[in-house]
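Colleague: There's a structure below that I have some questions on.
The values are calculated or read from the model by the stated rules, or taken from the named source; none is laboratory data. Remember, it's a predicted structure, so these values are computed and weren't measured experimentally. Cβ atoms come from the backbone with ideal geometry, glycine included; neighbour counts cover every protein chain shown.
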Amino acid sequence: MTNLKSEFLQVLTERDFIHQATDLEALDAKMSEGPISAYIGFDCTARSLHVGSLVQIMMLRWLQKTGHKPIVLMGGGTSKIGDPSGRDESRQLMTDEIIEDNMAGIRTIFDQLLTFGDDASDAVMVNNGEWLDDLRYIPFLREIGPHFTINRMMTFDSVKLRLEREQPLTFLEFNYMILQAYDFMELAGRHNCVLQMGGSDQWGNIVNGMELARRKAGKHLFGLTTPLITTADGKKMGKTASGAIWLNEEQLPAYDFWQFWRNTQDADVGRFLRLFTEVPMDEIRRLEALGGSEINDAKVILANEVTKLCRGADAAKAAEATARETFIKGGAGADLPTVSIPAAALQAGFNVVDLFIEAGLGASKSEVRRLIKQGGAKLNDAKVESEDLVVSADALNDGQIKLSAGKKRHALVKAE
RNA sequence: GGAGGGGUUGGGGAGCGGUCAAACCCAUCAGACUGUAAAUCUGACGCUUCGGCUUCACAGGUUCGAAUCCUGUCCCCUCCA
């Protein structure tokens, strides 16, 4: 791990991206000689990737920045199987249409973070459906099958854990690792790809690909994995009560995305800045050393930087402005979730409880009443004292009513 | 195929004829303290027109009364073959 020569690996090391790597010295030598191609595979399990995948995407970005060629592999083919790694249950099988649709959604985030094209260090996107969809069973088995022993496959975590927990592992899923191994070899042949990266749960799959390519084609390929990113209190990152933190605007508005980062725990700020932003290391060291409430400045920078990367500079600015307006001035920022209600209904008088539900700040009347009872409900920053309060048009402030549930959840109501 | 054990409110897990909307833990939400942090403390945590109403796998039944008893169905687990 010492004295790495290639810029890419230096960056990765410095920013704590590396969990495991195969033959790091040789890889370093190769990468410092000249540009290489490396890939990461993404399953098309949803219309957007979430922050759990952001580490991988950042690696591809650094790869490109340091002059190498990123290959984004869309798992159009493998998504039809479902990766059993790290899961106790089989994934629900998806139809081709859903996979297509998901792929289109996921593509947008890569367009945002990587430069695609035909130049040497331009990123390319490939779909493993290209070579997997039309595989013929018997020839494939004869070509690839002899290189895998069941004995060895049983030792990989994705298989072993499932079996140890006595959870079923179908033959379908059992094939996943073979197909991913085949992918690596295929990419090595088609795009001269020599490195596969991925999350730590992909280690087994990556190693399989390397071995297959070595045996079939005599190629020396490399693998590198990132650690599983958890929060300081040991939870999987990016899973909040309200759902996953999606990278696409369509799945999660920029303001909420920004807030997620702004609410990072003190202990995670430095690590997240290293992994999810391109802020220079000196600056990060300065920011993470901030004590007391000053660390909030670092959190704002974190939120701004990540939002800028994933959603663009304008979205980041707007989100920050809204947060500033809402939390510091105690006003109402434009980016807050907004709902419209008919002006006539408001004229007639609207019960607070119903209004909170309309604004999405409560799922049931009981829930809102509880909120009011506990003193967490505010209307235009004044505590709602009674659940019988009737809100009328004179509550409008610059044409809008600000509702708050607790300190962090705010919404605007406008009359139409 | 045989013998047992079980399916309870987001998760775990009590309850085993009435006092059960159902202990407790976790998660979640709110309040206090702070810094839109963590930790801690407090409270809440099915729905409701506040009269009640719908929940304890599903469908029936016994009973004044069932999550609790009986019958059937579906699912899960353990052991034997």
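Colleague: So, in the stretch A:280-303, exactly how many residues are surrounded by fewer than 20 Cβ atoms within 10 Å (Cβ to Cβ) and either away from RNA strand B (no atom under 16 Å from the Cβ) or not aliphatic (A, V, I, L, M) (or both)?
Modeller: 13
Colleague: For A:ALA377, indicate whether it is modelled with pLDDT of 90 or more, surrounded by 13 or more Cβ atoms within 10 Å (Cβ to Cβ), more than 29 Å from A:LEU247 (Cβ to Cβ) and within 13 Å of RNA strand B (Cβ to nearest atom).
Modeller: For A:ALA377, the condition - modelled with pLDDT of 90 or more, surrounded by 13 or more Cβ atoms within 10 Å (Cβ to Cβ), more than 29 Å from A:LEU247 (Cβ to Cβ) and within 13 Å of RNA strand B (Cβ to nearest atom) - is met.
Colleague: Same structure, new question: Could you tell me whether the stretch A:161-177 includes any residue that is away from RNA strand B (no atom under 16 Å from the Cβ) and of a type in the set (Val, Ile, Thr)?
Modeller: Looking through the stretch A:161-177, none of the residues is away from RNA strand B (no atom under 16 Å from the Cβ) and of a type in the set (Val, Ile, Thr).
Colleague: In a loop (DSSP other than H, G, I, E, B) and either touching a Cys at 6+ places or on another chain (Cβ under 6 Å) or not assigned by the TED database to the domain that holds A:LEU114 (or both): does that describe A:ASN248?
Modeller: Yes; evaluated as a whole, the condition is true for this residue.
Colleague: Kindly indicate the residue of the stretch A:383-415 that is in contact with a helix residue (DSSP H, G or I) (Cβ under 8 Å, 6 or more places away or on another chain) and part of a strand (DSSP E or B) and also surrounded by the fewest Cβ atoms within 10 Å (Cβ to Cβ) among those meeting that condition.
Modeller: Here the answer is A:VAL390.
Colleague: Which of (1) more than 30 Å from A:ARG107 (Cα to Cα); (2) surrounded by 15 or more Cβ atoms within 10 Å (Cβ to Cβ); (3) not aromatic (Phe, Trp, Tyr) does A:THR307 not meet, given it meets every other one?
Modeller: It is condition (1) that A:THR307 fails.
Colleague: Could you list, in sequence order, all residues of the stretch A:1-15 that are assigned to a loop (DSSP other than H, G, I, E, B) and surrounded by 14 or more Cβ atoms within 10 Å (Cβ to Cβ)?
Modeller: Selection gives A:LEU4, A:SER6, A:ARG15.
Colleague: Can you tell me which residue in the stretch A:322-349 is farthest from A:PHE110 (Cα to Cα), limited to those that are of a type outside the set (Asp, Glu) and within 10 Å of RNA strand B (Cβ to nearest atom)?
Modeller: A:ILE328
Colleague: Looking at A:ALA267, A:ALA232, A:ALA213 in this structure, which one is assigned to a helix (DSSP H, G or I), without any contact (Cβ under 8 Å) to a residue 60 or more places away in the chain and within 12 Å of RNA strand B (Cβ to nearest atom)?
Modeller: A:ALA267
Colleague: Continuing with this model, one more query. What is the residue count in the stretch A:31-54 for residues that are assigned to a helix (DSSP H, G or I) and touching a Ser or Thr at 6+ places or on another chain (Cβ under 8 Å)?
Modeller: Number satisfying all stated conditions: 2.
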